[in-house]
Each structure stands twice: as C-alpha cells, then as structure tokens.
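The values are calculated or read from the model by the stated rules, or taken from the named source; none is laboratory data. Just so we're clear, the structure is a prediction, and the values are computed from it rather than from any experiment. Note: ideal-geometry Cβ built from the backbone for every residue, glycine included; neighbour counts use all protein chains shown.
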C-alpha cells in the first residue's frame, strides 16, 4: 500500500495518526485530568453517585442515564449510516473519481487511491461505532449498579463501595464516548485527504487545535472548573 502513495501522502497520513494518538494520550493523561473537561467531569460524576446514595427515589438518576444513553445511541446509529454510505461509495468508484476530477484544485485520482481514502474513513467510523456501543453498554451496567444500591435508610460500607463502582463505570463510559466523538472530528480531517494531502495536514492540525481548546482552554472548561 505504501508504494501506491506519494511521499506527501505518507507524511500527511503519518501526521494524522501522530496527531490523533498523541492528542488522545494528552487528553486522557492522569497528570492533566485536573484541568481537562473530561477529568473535571469525572469528579462531578463521582460526586453524583455519592449524592445518589442520599435519595430515597432515584428517578432523577435514571432520567439522567436515559438521556446519556439516547445521545450515545444516536451517535452509534450515525456511525452505522456513515459506514453504509462509505461502503456504497466503493461501489461507485468510477463515478466518484469522474466527479472529483472535474473539480478545481483536485488532481487526477486513481481507483486505488480513492479506495484507500475511503477505507481510512470506513475504519474511523467502525472504530467510533465500537466506542459508542461499548459506552452504551457501560451506562447500562451503571444503571444496574445504581438499581442495586439499597435505599437511603440502609446505607452501609458496601452501599458506598457500590456507588463508587457505579461512578467509575460512568467515568469509563464517558471516556469511551469521548473517544468515539474524537473519531468523528478526525474523520472530518481525513475527508480532506480526498482533496489534497496538504489539505489533509492542515485540517488535521486544525482539528487537533480545536479539540485542545475545547478540552483545556474553552469558556465551558473554566465554568466547570469554577474559575468564573
């Protein structure tokens, strides 16, 4: 496959994976969790489960979990639709190449090049689908753990331990959901590869910067941290 790509294509593809994997390592780092949106929200979810112990009726907690699961299910369905569309596009390769070749700033694209670019997008959305589905299942486990906690008049050490486990499962579900969302962002960057490798590099960089700003430097991050 490498021999089918130009040196610029290889550089762009390498930069793409370095940016994606590198940013994931930074965003999920334990050392930076105290300033990242995800890390701060982990603390709020843990506190949520502590507060849940004090409620006699836990309908509020069930409603929150149901809301979270509906969002995850929507993204999982979107991933499947994207996969179906990309598979269909592989069957219309010749027509797609003819349309692209007529557009300005887009060079001649061979069948193999087109299929490799679509394959990259296909793999990204498959990855996202598995992340969303696993996040959905983890939220289901969290709901069961919440349902198994005794009422507020029978709170003991075991109940507190179970609430702590529910918080950890909720945080794990959020981590996988965030990784699925991150895949959507980088899929937009990968789409630019269809245009040109340089566009691929630029959009990959822009996506990484946008993600960093939203996770570490955004207004919402400051509000969640309680800075303002």
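Does residue 135 qualify as being buried (at least 18 other Cβ atoms within 10 Å of the Cβ) and in a helix (DSSP H, G or I)?
yes
Which residues, taken from the range 79-91, are assigned to a helix (DSSP H, G or I) and without any contact (Cβ under 8 Å) to a residue 60 or more places away in the chain?
Correct list: 80, 81, 83, 84, 85, 86, 87, 88, 89, 90.
Of all helices (runs of 4 or more DSSP H) completely enclosed by the range 153-228, which ones contain at least 3 residues that are over 30 Å from residue 17 (Cβ atoms)?
Where helices (runs of 4 or more DSSP H) fall fully within the range 153-228 and carry at least 3 residues being over 30 Å from residue 17 (Cβ atoms), they are 157-191, 219-225.
Could you grab me the full set of residues in the range 32-47 that are surrounded by 17 or more Cβ atoms within 10 Å (Cβ to Cβ), assigned to a loop (DSSP other than H, G, I, E, B) and over 17 Å from the mean Cα position of the chain (by Cα)?
Once the filter is applied, which keeps residues that are surrounded by 17 or more Cβ atoms within 10 Å (Cβ to Cβ), assigned to a loop (DSSP other than H, G, I, E, B) and over 17 Å from the mean Cα position of the chain (by Cα), the range 32-47 yields nothing.
Which one is nearest to the chain's Cα centre (by Cα) among residues in the range 48-67 that are in contact (Cβ under 8 Å) with a residue 24 or more places away in the chain and either assigned to a helix (DSSP H, G or I) or closer than 19 Å to residue 172 by Cβ (or both)?
Among those that are in contact (Cβ under 8 Å) with a residue 24 or more places away in the chain and either assigned to a helix (DSSP H, G or I) or closer than 19 Å to residue 172 by Cβ (or both), it is 65.
Take the residues in the range 92-108 that are exposed (fewer than 13 other Cβ atoms within 10 Å of the Cβ) and in a loop (DSSP other than H, G, I, E, B); name whichever of them is modelled with the highest pLDDT.
Only one residue tops the list, namely 92.
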